[in-house]
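Scroll down for the structure; my scribbles are underneath it.
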Amino acid sequence: MTIDHKIILNEARDYLFIAIGLLLYTIAFTVFLMPYQIVAGGVTGLSAIIYYATGFHLENTYIIINGILLVVALKILGWKFLMKTIFAIFTLYFMLMFAQEIIPKQENGLPFKLMGEGQDFMSMIIGCVITGIALATVFMNNGSTGGTDIIAASVNKFHPNVSLGNVLIAADFCIIGSCMFFPQFGDYMERAHKVMFGFCVMTMENYVLDYVMNARRQSVQFMIFSSKWQEIANAIGTEMNHGVTILDGHGWYTGHQMKVLCILARKNESVNMFRLIKMIDPRAFVSQSSVIGVYGEGFDEMRVNVKKKKMKIRYSRERTDAGG
């Protein structure tokens, strides 16, 4: 398979999983959150608030707001960054529209309450777990649901020191807090109740999102002590396509020199790693430990901003010290 074919297949896979994630999000939002008028963050949450208050169709508000944000962001972020975002926005728009057409309605026009009356909290928990998994699926496949993500990316481009997370949290607080200005939600106590529910949604959804993404990215370190270190290193390098670092070891009790293999891998590769080691040397001594983060080729990118001016100054100093 050529490199071009691999790129096309990877892109197709990304779009497929983005669509699956958006489908999960649509089901969770329309089946578990909308029937109980539970508010959430993001443009979808803002659209839902407007729908609860005015009856204006949620998907129409969603596409209008995102359309405006896309027009503004195109000059800032460019087409390449926004292609999958545009795909996600229109896919979610049609999914929300279709879901509201096929789901049975209550007398007030909202989708029926699958969990029954008085089950707001339980429905919120189930809905947040599914939406968190759905958003993680979208993000892990290089996608975005648009809305506040576009705002966050635009702000971060001009102000690198302002993290994406802080912008998203600030936007969600403003969106959820806007419930206090809609008298259609009842008196101040009822509005405060919806706002608190919204903050619970935001917290739980972000927790599930982070948990799923971190679980997938979690890395481990193997230290392998074996007399058959050469065979194990060859097998790991060829069959698992992993780099192997060979360290010099010295046994305190035996006084013998030995080689120690050090490997960094994803946690989900652990079973295959142990199986491969056991097939070659069942008596090998293996230590596995979790690591906080692994950055570099094959792992996560170092997401820090380095000012070019500082880099030039440091480089010039190094040359001066070296007599260059």
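Pairs only if they're at least six apart or on different chains, beta carbon under 6 angstrom, first in region 93-105 and over 13 Å from Ile27 (Cα atoms), second open to solvent by 80 Å² or more (accessible area, probe 1.4 Å); list them, first residue then second.
Every condition considered, no pair remains.
Could you please let me know if Ala19 is in contact with a Phe, Trp or Tyr (Cβ under 9 Å, 6 or more places away or on another chain), in contact (Cβ under 8 Å) with a residue 12 or more places away in the chain and over 23 Å from Asn141 (Cα atoms)?
No.
State which residue is nearest to the chain's Cα centre (by Cα) when the search covers only region 200-231 and only residues that are open to solvent by less than 20 Å² (accessible area, probe 1.4 Å) and more than 30 Å from Asp149 (Cα to Cα).
Filtering first and then ranking leaves Val220.
Any idea how many residues of region 11-36 are within 23 Å of Ile151 (Cα to Cα), of a type in the set (Phe, Trp, Tyr) and surrounded by fewer than 22 Cβ atoms within 10 Å (Cβ to Cβ)?
Adding up the residues that qualify gives 1.
Residue-wise test of (1) of a type in the set (Ser, Thr, Tyr); (2) at pLDDT below 90.
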position	(1), (2)
Thr238	yes, yes
Asn241	no, yes
Trp252	no, yes
Met258	no, yes
Ile263	no, no
Glu269	no, yes
Arg275	no, no
Lys278	no, no
Ile292	no, yes
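Out of all the residues in region 39-52, which are among the hydrophobic types (A, V, I, L, M, F, W, C) and under 11 Å from Cys179 (Cα atoms)?
Val39, Ala40, Leu46, Ala48, Ile49, Ile50
Which of the residues belonging to region 133-142 are small (Gly, Ala, Ser) and surrounded by 24 or more Cβ atoms within 10 Å (Cβ to Cβ)?
Passing the criteria: only Ala134.
Go through region 37-50 residue by residue and tally those that are more than 17 Å from Tyr93 (Cα to Cα) and open to solvent by 10 Å² or more (accessible area, probe 1.4 Å).
Matching residues across region 37-50 total 1.
Which ones in region 68-93 are of a type outside the set (Val, Ile, Thr), in contact with a helix residue (DSSP H, G or I) (Cβ under 8 Å, 6 or more places away or on another chain) and over 20 Å from Cys174 (Cα atoms)?
Those that are of a type outside the set (Val, Ile, Thr), in contact with a helix residue (DSSP H, G or I) (Cβ under 8 Å, 6 or more places away or on another chain) and over 20 Å from Cys174 (Cα atoms): Leu70, Ala73, Leu74, Leu77, Phe81, Leu82, Lys84, Phe87, Ala88, Phe90, Leu92, Tyr93.
Just to be sure before I move on: is Val167 without any contact (Cβ under 8 Å) to a residue 24 or more places away in the chain, closer than 23 Å to Gly67 by Cβ and in contact with a helix residue (DSSP H, G or I) (Cβ under 6 Å, 6 or more places away or on another chain) in the structure I sent?
So Val167 fits the description; yes.
Just the residues that are open to solvent by 70 Å² or more (accessible area, probe 1.4 Å), closer than 25 Å to Ala215 by Cβ and in a helix (DSSP H, G or I), please, taken from region 232-277.
Glu239, Lys267, Asn268, Val271, Asn272, Phe274, Arg275
Can you name the residue in region 278-291 that is in contact (Cβ under 8 Å) with a residue 40 or more places away in the chain and part of a loop (DSSP other than H, G, I, E, B) and is also surrounded by the fewest Cβ atoms within 10 Å (Cβ to Cβ) among such residues?
Arg283
Name the residues in region 1-53 that are among the hydroxyl-bearing types (Ser, Thr, Tyr) and outside any helix (DSSP H, G or I), would you?
Thr2
Quickly run through region 65-113 and pick out the residues that are part of a helix (DSSP H, G or I), of a type in the set (Val, Ile, Thr) and surrounded by 14 or more Cβ atoms within 10 Å (Cβ to Cβ).
Within region 65-113, Ile65, Ile76, Thr85, Ile86, Ile89, Thr91 meet the criteria.
Which ones in region 166-194 are under 14 Å from Ala53 (Cα atoms) and aliphatic (A, V, I, L, M)?
Ile175, Ile176, Met180
The values are calculated or read from the model by the stated rules, or taken from the named source; none is laboratory data. For clarity, every value in this text was computed on a predicted model and none was experimentally measured. Positions of Cβ are generated from backbone atoms using ideal geometry, with glycine treated the same way; all protein chains shown enter the neighbour counts. For the accessible areas, the whole protein counts, side chains as well, though only heavy atoms, and no ligand, DNA or RNA atoms are used. Shrake-Rupley method; radii C 1.70, N 1.55, O 1.52, S 1.80 Å.
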